[in-house]
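**Q** One structure follows; several queries about it will come next.
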Amino acid sequence: MYNTGLELMELANSKRCKIYEIVIENEVELQGLSREEIVLKMKKALEVMKASAQEALDKEVKSVSGLIGGDAKRLEDYRKSGNTLCGDTVVKAMARALSCSEVNAAMGRIVAAPTAGSCGILPSAVITAGEKLDKTEDEIVNALFTASGIGQIIAKNATVSGAEGGCQAECGAAAAMAAAAIVEMAGGTPEMCLNAASIALKNIMGLVCDPIAGLVEAPCAKRNASGVVNALISAELVLAGIKSIIPFDEVVEAMYRVGKALPEALRETALGGIAATPTGIKLRKQVLGE
Amino acid sequence: MSGLSSFDIIGPIMVGPSSSHTAGAARLGKVSMSIAGGNFKKVVFYLHGSFAKTYRGHGTDRALVAGVLGMETYDDRLKFSLDIAKEKGIEIEFVEADLGDVHPNTVKIVFYKEDGSKFEVVGSSIGGGNIIITEINGDKVEFTGDYPTLIVKQKDVKGMISSVTAILASQNINIATMRVTRRAKGKEALMIIETDAEISDYVLKVIEKVENIISAKAINPVK
């Protein structure tokens with residue numbers, strides 16, 4: 001049992017294991033299933049993640065409202081041209097994140113991670129980093145358990161709902177989960193995983209949830225692309241030996257307080273932020289036929 | 001970690017775009033359908049609040065219909081549910097409505113049965129794909145569909161609760177939560193019992209045989 005990042009880290013340290021071991025153990029106890037059954041369940045989630053991260057790279061996927069679509073393919077085609085600024089890994093991760101978000105907006109099948117609105121960040125992070133680090137499927141599945149351990153702590157002590165905490169709670173939680181997963185795949189310690197999660201959350205602290213027309217489309221898809229980059233750079237900082245000055249649990253608490261302090265207009269009501277710009281309002285009228 | 005699963009964080013596997021407006025809506029449809037039973041030829045959805053405002057963009061309409069057709073939240077066919085309903089000859093209607101002081105994502109689903117009767121269920125999608133059923137044919141209720149749920153209609157006379165709970169105990173079924181309401185003293189009353197173990201047809205038959213029980217229905221959890 002663990003309720004905080006500190007408890008999770010201490011459990012892993014005392015057993016001299018990775019975070020995923022503790023998370024799987026907890027899940028076995030919670031669900032009364034065998035370890036194999038629990039791992040198989042996560043494998044199924046990874047399969048759906050892989051499919052949604054690929055689908056919109058191969059073909060243009062349009063959202064139901066028509067507001068977004070085709071950007072994942074656009075970015076992937078651009079990456080293949082070989083002239084990117086950020087390099088293959090970053091741009092491929094961005095394209096995959098966009099793909100998941102576009103598939104979601106087109107009523108395709110995705111895995112909420114932790115939410116549907118932020119469903120592109122974790123898949124693109126573990127698939128792309130897994131590729132780069134030459135990890136097996138089993139190792140990627142383990143990284144997903146590490147990510148869910150971080151998500152459990154955020155959901156328990158703060159929130160992962162945009163309506164409650166703004167986009168920082170959804171895309172922030174997803175990036176924190178992803179950053180920890182990447183660090184663990186790269187061989188980092190439990191402490192390094194928490195450091196990466198802290199940095200990712202801090203990087204996005206205060207971000208509002210302001211979807212145009214209230215739909216999970218814009219700016220959500222692009223924030224998934226930026227979210228996976230946040231996860232990658234947070235992991236990179238930590239792998240270089242850099243620490244978070246503020247401990248993970250305190251960052252989570254701060255994120256929650258910031259979320260509570262956000263006015264309602266900036267928490268998924270589509271009444272503020274870019275949703276309330278003249279163009280945002282015009283698009284809402286167009287899309288909802290008002 | 002007090003009940004919060006890894007798969008609450010990484011999951012559910014669902015058809016997008018919104019856990020509340022799509023996945024939750026599909027569950028509302030499916031749970032309502034299991035309460036109403038099959039054999040309906042027409043369904044009218046009265047959409048309230050945010051459901052009414054954004055149902056087309058979120059696919060709430062398709063998700064609700066997919067649910068009443070028995071589909072799960074991750075079913076690829078969810079997107080085509082309106083066409084599937086048409087093929088099956090089921091008439092579907094959506095009405096934007098003010099259902100009063102209820103959760104913003106609330107729907108009243110009215111089933112028109114083959115035998116000419118009507119069945120009404122009201123429920124809300126309360127976030128993350130979770131739902132709550134709040135009304136059945138005008139009776140106030142409160143349950144989520146996460147647990148096996150027993151819905152018993154009985155005459156409001158003494159001893160009914162103990163008869164039903166004794167049957168559950170004898171079948172080794174533990175009660176998680178229970179709620180009893182009545183229309184008026186001595187008239188019809190309703191028992192909603194959430195349990196830890198599934199309720200078999202046999203248990204239902206035993207309960208239905210008890211004097212003054214009008215009907216008993218079980219809903220298996222819809223994930």
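The values are calculated or read from the model by the stated rules, or taken from the named source; none is laboratory data. All values derive from a computational prediction rather than experimental measurement. Neighbour counts are summed over all protein chains in view; Cβ atoms, including those assigned to glycine, are modelled from backbone coordinates with ideal geometry. Just so you know, the surface numbers come from the protein's heavy atoms only, side chains and all, with ligands and any DNA or RNA stripped out. Shrake-Rupley method; radii C 1.70, N 1.55, O 1.52, S 1.80 Å.
**Q** Calculate, for B:D76 and A:E60, the FRET efficiency according to 1/(1 + (r/R0)^6) with r their C-beta to C-beta distance and R0 22 Å; round to the nearest 0.05. Write out the running numbers ahead of the final one.
**A** Numbers: r = 19 Å, r/R0 = 0.86.
Taking R0 as 22 Å, the efficiency between B:D76 and A:E60 is 0.70.
**Q** Considering only the other residues whose Cβ falls under 11 Å of the Cβ of A:G273, what net charge follows from Lys and Arg at +1 and Asp and Glu at -1? Write down the numbers at each step before the final one.
**A** Details: positive: A:R267; negative: A:D210, A:E268.
Counting the neighbours of A:G273, the net charge comes to -1.
**Q** Further question on the same structure: Among A:A147, A:S65, A:A169, whose Cα lies farthest out toward the positive end of the dipole of the stretch A:34-192, if unit charges sit on the beta carbon of Lys, Arg (+1) and Asp, Glu (-1)?
**A** A:S65
**Q** Using just the C-alpha positions of the protein assembly as shown as equal point scatterers, what log10 of I(q)/I(0) does the Debye formula give at each q in 0.06 1/Å?
**A** -0.30
**Q** For A:K59, what charge total do you get from the other residues with a beta carbon under 11 Å from its beta carbon, if Lys and Arg give +1 and Asp and Glu give -1? It would help to have the intermediate numbers written out before the result.
**A** Values: positive: A:K62, A:K73; negative: A:E55, A:D58, A:E60, A:E76, A:E102.
Summing Lys/Arg as +1 and Asp/Glu as -1 gives -3.
**Q** Per DSSP H run of at least 4 residues, take -39500 (n - 2.57); add these up for chain B, divide by its residues and hand me the 222 nm value, nearest 500 deg cm²/dmol. Write out the running numbers ahead of the final one.
**A** On the way: 7 runs with 63 residues, N = 223.
Roughly -8000 deg cm²/dmol at 222 nm, from the helical runs in chain B.
**Q** Relative to the longest principal axis of the C-alpha atoms of chain A, give the angle of the C-alpha long axis of helix A:35-58, reported between 0 and 90° and rounded to the nearest 10°.
**A** 30 degrees
**Q** Let me ask something else. Once you've got the GNM for chain B with C-alpha springs shorter than 10 Å, pick whichever of B:K205, B:K30, B:K42 has the biggest mean-square fluctuation.
**A** Result: B:K205 has the largest fluctuation of those listed.
**Q** Sticking with this structure for a sec: Helix-derived [θ] at 222 nm for chain A: sum -39500 (n - 2.57) over DSSP H runs of at least 4, divide by residue count, nearest 500?
**A** Numbers: 13 runs with 190 residues, N = 290.
Result for chain A, helices only: -21500 deg cm²/dmol.
**Q** Can you give the angle from 0 to 90° between the axis of helix A:137-157 and the longest principal axis of chain A, with both taken from C-alpha atoms, to the nearest 10?
**A** Compared with the principal axis, the helix lies near 80 degrees.
**Q** Using a 1.4 Å probe and ignoring any ligands, DNA or RNA, find the accessible area of B:E135 and quote it in Å² to the nearest 10.
**A** B:E135 has an accessible surface of roughly 40 Å² with all protein chains in place.
**Q** Across bins of 5 angstrom width beginning at 0, how are the C-alpha pair distances of the stretch A:1-93 distributed, in whole percent?
**A** For the stretch A:1-93, the pair-distance distribution reads 3, 11, 13, 12, 12, 10, 10, 14, 12, 3, 0.
**Q** Enumerate the aspartates and glutamates that B:K118 could reach by cross-link, defined here as Cα to Cα under 16 Å, with residues fewer than 8 away along the same chain left out.
**A** B:E91, B:E93, B:E135, B:D139
**Q** Leaving out ligands, DNA and RNA but keeping every protein chain, what accessible area does B:R56 have, in Å² rounded to the nearest 10, with a 1.4 Å probe?
**A** Only protein atoms counted, so the area is about 150 Å².
**Q** Counting only heavy atoms of the protein chains, get the accessible area per residue of the protein assembly as shown (1.4 Å probe) and round it to a whole Å² value.
**A** Numbers: 21450 Å² over 513 residues.
Accessible area per residue: 42 Å².
**Q** Further question on the same structure: Greater than 30 Å separation of Cα atoms is the criterion. Which listed pairs, B:K53/B:K86; B:K108/B:K187; A:K43/B:K205; A:K282/B:K86; B:K113/B:K153; A:K73/B:K42, meet it? The partial results should precede the final answer.
**A** Details: B:K53/B:K86 24 Å; B:K108/B:K187 25 Å; A:K43/B:K205 41 Å; A:K282/B:K86 34 Å; B:K113/B:K153 20 Å; A:K73/B:K42 41 Å.
Among B:K53/B:K86; B:K108/B:K187; A:K43/B:K205; A:K282/B:K86; B:K113/B:K153; A:K73/B:K42, the Cα-Cα distance tops 30 Å for A:K43/B:K205; A:K282/B:K86; A:K73/B:K42.
**Q** Across peptide B:15-27, how many C-beta atoms of other chains are within 10 Å of each residue C-beta, on average?
**A** Working: counts 8, 20, 19, 10, 8, 6, 4, 5, 2, 0, 0, 0, 0.
The shielding value for this peptide is 6.
**Q** In bins 5 Å wide, starting from 0, what share of all Cα pairs of the stretch A:208-290 does each bin hold, as a percent?
**A** Whole-percent P(r) values from 0 Å outward: 3, 14, 15, 17, 17, 13, 10, 6, 4, 1, 0.
**Q** Are there residues in the stretch A:98-120 whose accessible area shrinks by at least 50 Å² when all protein chains are included rather than the chain by itself, and which are they (probe 1.4 Å, ligands and nucleic acids not counted)?
**A** A:M107, A:R109, A:A112
**Q** Could you run the numbers on buried accessible area between A and B, total for both chains, 1.4 angstrom probe, in Å² to the nearest 100?
**A** Numbers: alone 12820 and 11490 Å², together 21450 Å².
Result for this pair: about 2900 Å² buried.
**Q** Report, ordered by chain and residue number, the lysines lying within cross-link reach of A:K156, taken as a straight Cα distance under 23 Å and ignoring same-chain residues fewer than 8 apart.
**A** Qualifying lysines at Cα under 23 Å: A:K18, A:K41, A:K202, A:K260, B:K223.
**Q** Check cross-link reach from A:K80 to the lysines: straight Cα distance under 18 Å, and skip same-chain residues fewer than eight apart.
**A** A:K59, A:K92, A:K132
**Q** Could you work out the relative contact order of chain A, using alpha carbon pairs under 8 angstrom and six or more residues apart, expressed as a whole percent? Show your work: numbers first, answer last.
**A** On the way: 546 pairs, mean separation 57.9, N = 290.
About 20 percent, as a whole number.
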